[in-house]
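Report on the structure given below.
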Amino acid sequence: MNPADERQERAEPAGVLPLAGFTVGVTAARRADDLVALLERRGAAVLRAPALRIVPLADDAELMAATEALTASRPDVVVATTAIGFRGWIEAAEGWGLGEALLEGLRGTELLARGPKVRGAIRAVGLREDWSPASESMAEVLQRLLDEGVAGRRVCVQLHGEPLPGFVESLRAAGAEVVGVPVYRWMPPEDTAPVDRLLDAVAARGVDAVSFTSAPAVAGLLARAAERGMREELLEALRGDVLAACVGPVTAIPLQEADVPTVQPERFRLGPLVQLLCAELPGRVRPLPVAGHRLEIRGRAAVVDGRLRTVPPAGMALLRALARRPGWVVARAELLRALPGESSDEHAVETAMARLRAALGEPGLVQTVVKRGYRLALDPAADTKYGDRRD
């Protein structure tokens, strides 16, 4: 068994879905339903907050103008970058009465497809691509064009709302005339309330991960955080407790430029992205041997001996405070400060602790130390391993 498989097996007790107890923020606008379904099927709670919206193609005068120009003067090369964008371009052109002229123009060009999905979209309208990279990488497309030589050639690039770092600039530097075709454009969401809820949850560490499927979604979330004066607060959370999961390297660029670490699947698809979260989030949990039981503390729940236990928010706050120093006594005053709200009555700790014990189903996991506080009953053999002492 390789280390990654071993980590996942250790972190996922039998009978517990891999994302059970975790909350994942979803910033996608396109295919959000598919991503949410995949996450929920694996047990996650989802906080849905589209960070952008897509301008409908048929309403985009800029795309229509670019299409008319291309049908009037055929390019030498067309680079198709996304399936949804290519299909939308053809459908919009048909709506404007330019469909046949566009297809005829594309038949006479060197047609390059970035990956298998866009290759399928090209073939679905009766065209055939001249070449497609195995890597699905725009860098490989660029290298092919530069190796062929583009001086004096007219290259049409289907833009798709995400940055193409260095691509257009490199072609122009090599002597090409580059025409961008904006098949869809990103705009801020009309309703910012869901985004604001996600920002507040990230800042409060109320989500365990945020998923990103496009660079504009990253930019949209950062822009809204800046508008609310909480950009640095958001970045601090993403640099630490909240995992930033990106569908691919282009999506990750705005976060990496802000010094936010990201994780990305090897294949840039929604399924592999969810599989990555299924490995990463449980893998971040440290199992604790407590009172003869195996305890895992997830974002909004605990797993005790392979059984998921839903814990109220106040109980989770206490449990996390105790787990920061397993086996140590934590004073009531410190636990009171960990509780949500601003209560000054230590009786609130006793009430929340009673509910926590009931939720865990094993009262002996948390011990009361008379006149001092509470502690997780870390097994004696684990003292050295976890570097804690028990008072």
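Points worth noting:
- Boolean, G152 is more than 36 Å from the chain's Cα centre (by Cα), at pLDDT 90 or above and open to solvent by 10 Å² or more (accessible area, probe 1.4 Å): yes
- Residue check, V181 assigned to a strand (DSSP E or B) and over 24 Å from L270 (Cβ atoms): yes
- Whether a residue is surrounded by 17 or more Cβ atoms within 10 Å (Cβ to Cβ) and either of a type in the set (G, A, S) or within 30 Å of V242 (Cβ to Cβ) (or both) was assessed, and P194 passes this test.
- Subset of region 54-69 that is of a type outside the set (D, E, K, R) and open to solvent by less than 10 Å² (accessible area, probe 1.4 Å) - its residue that is nearest to L127 (Cα to Cα): T67
- Every listed requirement among (1) modelled with pLDDT under 95; (2) in contact with a helix residue (DSSP H, G or I) (Cβ under 7 Å, 6 or more places away or on another chain); (3) open to solvent by less than 60 Å² (accessible area, probe 1.4 Å) is met by L111 save one, (1).
- Set side by side, the residues E227, E169 differ, and just one is farther than 21 Å from R48 by Cα and either among the charged types (D, E, K, R) or modelled with pLDDT of 95 or more (or both), which is E169.
- Listed conditions (1) open to solvent by 10 Å² or more (accessible area, probe 1.4 Å); (2) farther than 19 Å from E62 by Cα; (3) over 33 Å from the mean Cα position of the chain (by Cα) are all met by K117, apart from (3).
- One residue stands out among those in region 199-213 that are closer than 25 Å to F268 by Cβ and open to solvent by less than 10 Å² (accessible area, probe 1.4 Å): the one that is nearest to the chain's Cα centre (by Cα), which is S211.
- The set of residues in region 70-91 being crowded, with 20+ Cβ neighbours inside 10 Å and touching a residue at least 40 places away in the same chain (Cβ under 8 Å) consists of L70, P75, V77, V78, V79, A80, T81, T82, G85, F86, G88, W89.
- Just one of the listed residues (E296, E362) is under 24 Å from A204 (Cβ atoms) and among the acidic types (D, E), and it is E296.
- Lone unmet requirement of (1) closer than 22 Å to D196 by Cα; (2) modelled with pLDDT of 80 or more for V55: (2)
- Matching residues, region 87-140, being under 22 Å from P182 (Cβ atoms), of a type in the set (D, E) and assigned to a loop (DSSP other than H, G, I, E, B): E129, E136
- Residue within region 29-42 that is in a loop (DSSP other than H, G, I, E, B), aliphatic (A, V, I, L, M) and buried (at least 23 other Cβ atoms within 10 Å of the Cβ) present: no
- Region 248-273, subset in a loop (DSSP other than H, G, I, E, B) and open to solvent by less than 20 Å² (accessible area, probe 1.4 Å), residue farthest from A225 (Cα to Cα): P265
The values are calculated or read from the model by the stated rules, or taken from the named source; none is laboratory data. This one's a predicted model, so the numbers in the text were calculated from it and none came from an experiment. Reconstructed Cβ throughout: ideal geometry from the backbone, glycine too, with neighbour counts over all protein chains shown. Note: accessible area is taken over every heavy atom of the protein model, side chains too, but ligands, DNA and RNA are not part of it. Shrake-Rupley method; radii C 1.70, N 1.55, O 1.52, S 1.80 Å.
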